[in-house]
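Taking it in order: structure first as structure tokens, then the write-up.
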Amino acid sequence: MKIIDLYVIKKYLGTLIFMLVLLSVIIIVVDVQAKTPRIESNGFTVGYFLLNFYPFWIMNLILTFMSILVFITVIFFTSRMANNTEIVAVISSGASFHRFARPYLITSLLIAFITLAVNHFILPWSNIKKNVLEPYTYNAINKEKLLGNMTIASNINPSEYIFVNSYNKKENRGSGYMYQKFDKNKNLTYQIIATDILWDAKKRHFTISNYTERTIKKDNTEILGDGTTKIQDFKLPPSELFPDKLVAQNKTTPELLEMIRREKTKGNNNVTSFYNELYQRTSMPVSIVILTFLGLSLSSEKKRGGLGLNLALGIALAFLFVFSFQVLNVVSENKTLTPLLAMWLPNIVFAPIAAYLYIKRANQ
């Protein structure tokens, strides 16, 4: 590796780290100021959140927007090199533009591989810590959706169903419980109704209270029973039995694939959000390489307007890229596009643009 490679890599990583630290501090300060009333109204202190929530929250935010940060970083330091005629000096010494771009490729691949590994195996652990406290930063309506009482209608598999009239996810208890089991001809074979249901975290099963049960035999005769308490063991915790929009974030990729398989086995085909999470974990790191070369192509030539013009163009493209991901997420949820296509479409669009601009710049 030659001096020019080390020089560019040092500038790339140094600028990126500086931007990450600076933006993290600014974002946390702004977010804390905005959310302090909600945090304190829920009985927490800001200091507690700074230690137990914000480190994990900012990690999620950084990895979500890493490709955008890389893009702006590349535009920033490359524009400065171009304005200082450093790039002209390198090219004039006999090196080709492809040779000059080598350290960009090396660094972007390094960042992409690290981000890929973190997305699939480390970030889910961080998200578990984040998601425990995140509902307390929401407004009352959104907090109620995650922690308040809700009606449950879930199937364990195509023949077993659970209904809870009012279930509180924070306390993992509910009232108005019913479990039904059907045979292959969709005939009811067993039903149990209880006034209350409670998750026992230590023993990892549910306990129901004041129940009545009926077993329907093949000759349509019924066996009735009742009791005070009874164990209901579905081999799954409440978070997976009654999943919410945050549960996919908490799973490593092997666990997420298993959850998708289990949900489809249960007969639940509404797993689009899980697939979006799965595909985005790979598509976002790949976009780091694409946006690195797009940024290099846009900012490696000295222009009138200099750094300011390049940064303005870069920020505009960055917002377009992020906006496209958010829109496509909603489009995928509405089943207009498949999750695979939706999560990869920004890369599919931006990759040819980056390739065209790079080749055009290299041939100048």
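The values are calculated or read from the model by the stated rules, or taken from the named source; none is laboratory data. This one's a predicted model, so the numbers in the text were calculated from it and none came from an experiment. FYI the Cβ positions are ideal-geometry reconstructions off the backbone, even for glycines, and counts take in every protein chain you see. Ligands, DNA and RNA are stripped out before the accessible areas are found, and what is left, the full protein with its side chains, is counted by its heavy atoms. Shrake-Rupley method; radii C 1.70, N 1.55, O 1.52, S 1.80 Å.
A few notes on this one:
- Sites listed here are GluC sites (Glu not before Pro) in segment 265-364 whose DSSP assignment is loop and whose Cβ has at most 16 other Cβ atoms within 10 Å: Glu301.
- Largest GNM mean-square fluctuation across Asn310, Asn165, Asn119, computed for the chain with C-alpha springs under 10 Å, falls on Asn165.
- Per-residue extension of 0.36 nm, minus the Cα-Cα distance of Val25 and Ser175, leaves a gain of 49.5 nm for this segment.
- Computed in the context of the full set of protein chains, the accessible area of segment 270-359 at 1.4 Å probe radius has 74% of its extent on carbon or sulfur.
- Loop-located trypsin sites (Lys or Arg not before Pro) in segment 1-64 (DSSP state not H, G, I, E or B) with no more than 16 neighbouring Cβ atoms inside 10 Å: Lys2.
- If you take the Cα centroid of segment 56-109 and the Cα centroid of segment 150-188, the two points sit 54 Å apart.
- Highest-first arrangement of 217-228, 54-65, 82-93, where packing means the average Cβ count within 10 Å: 54-65, 82-93, 217-228
- Each stretch of four or more DSSP H residues adds -39500 (n - 2.57); spread over every residue of the chain, this sum gives -20000 deg cm²/dmol at 222 nm.
- Debye log10 I(q)/I(0) at q = 0.15, 0.16 Å⁻¹ for segment 56-177, Cα point scatterers: -0.89, -0.95
- Structural size metrics of segment 1-48, computed from C-alpha coordinates, are Rg and Dmax of 18.5, 57 Å.
- Heavy-atom accessible surface of segment 91-201: percent carbon and sulfur, 1.4 Å: 60 percent
- Within segment 13-84, all pairs of alpha-carbon atoms sorted by distance into 5 Å bins from zero give the percentages 3, 14, 21, 20, 13, 10, 8, 5, 3, 1, 0.
- 23 Å Cα-Cα reach of Lys230 towards lysines, excluding residues that sit fewer than 8 places from it in its own chain: Lys169, Lys170, Lys181, Lys202, Lys203, Lys217
- Residue-normalised accessible area of segment 111-246, expressed per residue, 1.4 Å probe, Å²: 57 Å²
- Checking (1) 29, 46, 20, 5, 0; (2) 28, 61, 11, 0; (3) 23, 45, 23, 8, 1 against P(r) over Cα pairs in 20 Å bins from 0, in percent calculated from these atoms, the matching label is (3).
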